[in-house]
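The structure appears right after this line, and notes come after that.
Nothing in this text is a laboratory measurement; each read-out follows from the coordinates by a stated rule. Only a predicted model underlies this, so the values are computations on that prediction, with no experimental measurement involved.
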Amino acid sequence: MIIEPRMRGFICLTAHPKGCEQNVKNQIEYIKSKGAIAGAKKVLVIGASTGFGLASRITSAFGSNASTIGVFFEKPPVEGKTASPGWYNSAAFEKEAHKAGIYAKSINGDAFSNEIKRETLDLIKADLGQIDLVIYSLASPVRVNPTTGVTHRSVLKPIGQTYTNKTVDFHTGKVSEVSIAPADGDDIENTVAVMGGEDWAMWIDALKSENLLAEGATTVAYSYIGPSLTEAVYRKGTIGRAKDHLEATAFTITDSLKSIGGKAYVSVNKALVTQASSAIPVIPLYISLLYKIMKEEGVHEGCIEQIQRLFNDRLYNGSEVPTDDKGRIRIDDWEMRDDIQAKVAKLWLEADTETLPALGDLAGYRNDFLNLFGFEFAGVDYNAEADEVVAIESIK
Ligand code: NAI
Ligand code: NA
């Protein structure tokens, strides 16, 4: 069928298989162009199908020739209805990896569940023996705790007082004021339960207890800090509490890995357009201004550039892994540069519906958003019939 973007609110209901394939191929080409990385050889990526997790999988496979197992939660296609983009990304990734003679298998299901953990452990046992890098890159609005059976929903709210600021509807370009009521009830606990470190620790405990982590194994989860502009709704809001918990969990995990000389890191990444971030109020306006400035300064990066730098310059640089005073890896260093933040803060005051098209990079935001779903890629004929039913080679 002919596949076009179909929007509903902040999501796109369709995805283009050829476009997603192009997206993956472009990322692979980028990694190859940067040369080999002396990285891990057996890698588990939890949240491997889109965003930073997909970039981590591609960087491992095509930068270090690593065998990868990818876990994700995506919607398979059915006749007449496209899959979610992460399905097509993973199909394309496996196809390219297998073509290059690189091991790649995938597991589609709820990574928070005991069943999917069991399936993953069994696959590692059967195929790889031990893992030397675990990337934890889940972004989810909901988690069922497998021990208690309780369903937790995360919310994006400030804590203590209502937050009012500008936001943009990036589809229409309309800048307006948004007010977000503060967290109440169990909002904080629930958000921490979904996006904090509990499930990350469960994964590492399960892997370790079955001797599936190699000597010196490393695990990395992704966090965000951002500027004072977004602080009330992000870092000092409910999601920030979850990130605090995630960051604290890195230390607990490192302690638990002492016997095998392993280590857990949190990497603080740059603000980027992903399915997760486009749903957060205020962030799209910030990102469109940030993109404008970072592109002008020649320091703009997407997920793949970020993760290439994380692996090459931080994790596998041949010497000590550089961290900040809280033990975190910082690849948000260019986003957080004083000169860049000062320029963004100035534009923020001036941005309204009339001025934003010139002040910000709304076009870049929209392009990146459509790219998430496989649209707007050069080299793809969007007027041609595309087969929506695409298989992931390792998933039967
Ligand atoms: P994303 O939405 O692109 O990726 C989420 C991944 O998690 C997908 O592979 C999805 O299939 C998987 N997933 C979600 N629920 C699942 C479940 N129940 N079971 C199995 N897999 C599941 O998100 P993105 O942006 O790459 O986020 C990854 C991490 O990076 C998050 O911790 C996020 O907070 C962090 N981060 C994101 C930034 C951004 O600006 N997008 C900036 C800095 C950090
Ligand atoms: Na991800």
message = How many angstrom lie between the Cα centre of the range 1-16 and the Cα centre of the range 252-279?
response = 31 Å
task = Return, for the Cα atoms of the range 275-382, the radius of gyration and Dmax in Å, separated by a comma.
result = 16.1, 50
remark   = Cross-link reach from residue 343 to lysines, straight Cα distance under 20 Å and at least 8 residues apart if same chain, gives 166, 270, 292, 295
remark   = A correct Karplus calculation of ³J(HN,Hα) over the range 319-330, with 6.51 cos²θ - 1.76 cosθ + 1.60, θ = phi - 60°, whole Hz and x for Gly and Pro, returns 8, 3, 7, x, 9, 7, 5, 9, x, 8, 6, 10
task = Compute the normalised compactness of the chain: alpha-carbon radius of gyration over 2.2 N^0.38 Å, N being the residue count.
result = 0.95
query = Taking the DSSP beta bridges in the range 15-159 as the whole, what percent of them are antiparallel, to the nearest 5?
reply = 20 percent
ask   = Roughly what % of Cα-Cα distances in the range 196-287 sit above 23 Å, to the whole percent?
value = 34 percent
key: Hydrodynamic radius by Kirkwood, which averages 1/r over all alpha carbon pairs of the range 327-396, in angstrom   = 16.4 Å
request  = In whole Hz, with x marking every Gly and Pro, tabulate ³J(HN,Hα) for the range 13-25 from phi via Karplus 6.51 cos²θ - 1.76 cosθ + 1.60, θ = phi - 60°.
outcome  = 7, 10, 9, 9, x, 5, x, 5, 4, 4, 4, 5, 4
ask   = Taking the C-alpha atoms of the range 128-254, how large are the radius of gyration and the largest Cα-Cα span, Dmax, in Å?
value = 17.4, 54
inquiry  = Run the helix sum for the chain: -39,500 (n - 2.57) per DSSP H stretch of 4+ residues, divided by residue count, reported at 222 nm to the nearest 500 deg cm²/dmol.
reply    = -11500 deg cm²/dmol
remark   = Bridge orientation stat for the chain from DSSP, antiparallel percent rounded to 5, came to 30 percent
task = Using Cα positions and a limit of under 21 Å, work out the lysines in reach of residue 99, with same-chain residues fewer than 8 apart set aside.
result = 18, 25, 32, 34, 41, 42, 396
key: Centre separation in Å (Cα based) which lies between the range 17-39 and the range 141-217   = 29 Å
message = Could you derive backbone 3J(HN,Hα) for the range 299-305 from the dihedral phi with the Karplus parameters 6.51, -1.76 and 1.60 (θ = phi - 60°), listing whole Hz in sequence and x where the residue is Gly or Pro?
response = 10, 6, 9, x, 4, 5, 5
